[in-house]
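Here is the structure we will look at, set down as structure tokens.
Every number here is computed from the coordinates shown, using simple stated rules; none is lab data. Here the structure is a predicted model, which means the values were calculated and not measured. Here the Cβ positions follow ideal geometry from the backbone for every residue, glycine too, while neighbour counts run over all protein chains shown.
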Amino acid sequence: MDDSREDYLCINDPNGNWSECEAHVDPALEAFRRKLKYFFMNPCDKYKARQRKPWKLFLQIVKIAVVTVQLVSFGLSNQMVVQFKEENLLTFRHLFLKNYSESNTNTYAIYTQLDVYTHITHIVQQFLMLPSITVGNHEYEQEGDVYTPLCICQQFYHNGSISPANETFDIDSRVDQECSLIYPQDPFTESPLNFTLHFERLLSVTVNFTLKAINLETVEYHELPDCYVFNIMIQFDNKAHSGRILVDLDNEVHIYECSDWSMTGASARNMYMMVLFDAVVILILSTSLLLCIRSVKAGVLLQKEYSEFSLRRYRKCVSLSERLEFINGWYLLIIVSDVLTISGSVLKIVIQLKAVASYDLCSILLGTGTMLVWIGVLRYMGYLKKYNSMLCVCCVVQILIITLRVALPNVIRFTCCAAMIYLGYCFCGWIVLGPYHTKFRTLNTVSESLFSLINGDDMFATFKNMQQKSFVVWLFSRLYLYTFVSLFIYMVLSLFITLITDTYDTIKHQQLDGEPVSDLQAFVLQCKDLPDSGEFSVEKTNSISSTGGGKLMCCCSHRSSDSDEDTHFSECSS
């Protein structure tokens, strides 16, 4: 039987198993199979096949170590910064809020006009006496020869007349503001306030001032101390006019490099060594990023080659799922982690040089990047034969990824349906239970509370803390909570688990039985050459490709006309 007859039988196989119909061994076809098989090999098999050292594997191991060291170093430094800011905030509250207690942070309030004047006077007095009473190194901010003053401002309605007894009011909703400045060098008096508060129209009183401090804790760890600027704001909130004025103190922190410093017995060498270490980390990450991008590019090119081969030889379009098999998801994960970690490392260097103080953004970038790096470790566990034989890590990871990919569409559709019910409960709980339960006061807290209930968290407290002022609302709350818990825990979560476990069982049986899940895998499995057989050598592959490459791509020319081939090509492209 001639080659054309064999190809014709292959194309018209009713079962579509074209990979088993090649009676005639085509050297170019076998070379292409080896090329595909080599592409899907792990680094250990690639080393056996071509003695190609797994540089990416070695680089990832080194990267895990240096990135973790970098993260720990930044975490310890960030911990000192956060601790210093929190301790100063607590210090300011004890210094400037009269009779402050940590137990009443969220309920600190005053109720009489005398209390308002007394508390404001206390703030001003503490501010003027700060150098003599503080145990820290706090100082006033100074611009040139002038100290930054303390500013007291009151906001009130432009005009208004309120008579609750007659149930009448006349309000001009325009808001006016009056301010008074007090400088640190001003003489201290027992009653420093020189303006009157308009309580009938008063909306709020704000006290603003600026202090500076230096964090000396870093000296112990051979780091240069930072200079801090605290913009402190104390607010007396009377917008509700309920007779209860809430008092809150907050601060905005800025970190700068001290303009003039001298340290005996230490130097800035450690800082520059850390900057050099961060630069080495960036170099390693950049190399890893380039290697992974190159591998992804090679997969894209091979995918195009396989698609063209399948179309020309078998007049068969390659599905999207088969094309995605050429895109290694682990490489994409590494690329994302490298980009995040490089960005975080650059920001860390800038922070160490005291140019910016974006500790939170740097923490997010480095933390997310390091998390993805450690997740990527799962891929390399499968290369350890002894470990892999004990726990089947490689198989489990592969099944997990395939399960997530296959089950994701159904999970998304089901989530959209469940979200409609969830949002309905959120709105209902907010409008009905909000006035009677602290966990339902805002839509955000309602969503958080219901999500916690789904996971069985704080369930009894949610029932118990419901106020019983209205029997109808209390009865409704029981019906509301019981139906929500029953619906989402016993039905919605069970259906979620069923969707995923069914997909997992299907994929697991396919993996354990060795059943190929795609035509691409079936085609590659026809190559029986072992990695150490010598058939994957570069010289032999190039030799076969140069002699049989034309036949591989053109062997189908006698099977169909050019017009038919172009028609198939256009259909696959569309």
Item to check | Simple label model, 7 Å out from Cα along Cβ direction - GLN113 to LEU361, nm | outcome: 4.9 nm
Item to check | Model label zone, LEU400; criterion: amide N under 18 Å from point 7 Å along Cα-to-beta-carbon; scope segment 487-506 | outcome: 497, 500-506
Checklist entry - How do ASP260, ASP248 rank when sorted from fewest to most other Cβ atoms within 10 Å of their own Cβ? => result ASP260, ASP248
Next on the checklist: Can you sort TRP55, TRP330 from fewest to most other Cβ atoms within 10 Å of each residue's own Cβ?
Outcome noted: TRP55, TRP330
Checklist outcome for this item: For segment 340-354, Karplus-derived ³J(HN,Hα) couplings (6.51, -1.76, 1.60; θ = phi - 60°; whole Hz; x for glycine and proline) come out as 5, 6, 4, 4, x, 5, 4, 5, 5, 4, 5, 5, 5, 7, 6
Checklist entry - Say the dipole of segment 97-263 comes from +1 at the beta carbon of Lys and Arg and -1 at that of Asp and Glu; which of PHE169, SER180, PRO225 then lies farthest toward its positive end? => result PHE169
Item to check | Residue pairs, from the table LYS212/LYS348; LYS56/LYS297; LYS35/LYS56; LYS56/LYS508; LYS63/LYS297; LYS35/LYS297, whose Cα atoms sit over 18 Å apart | outcome: LYS212/LYS348; LYS35/LYS56; LYS56/LYS508; LYS63/LYS297
Item to check | Ranking of SER319, SER259, SER163, SER307 by count of other Cβ atoms within 10 Å, fewest first | outcome: SER259, SER163, SER319, SER307
Checklist entry - Say the dipole of segment 97-263 comes from +1 at the beta carbon of Lys and Arg and -1 at that of Asp and Glu; which of LEU216, THR206, TYR256 then lies farthest toward its positive end? => result THR206
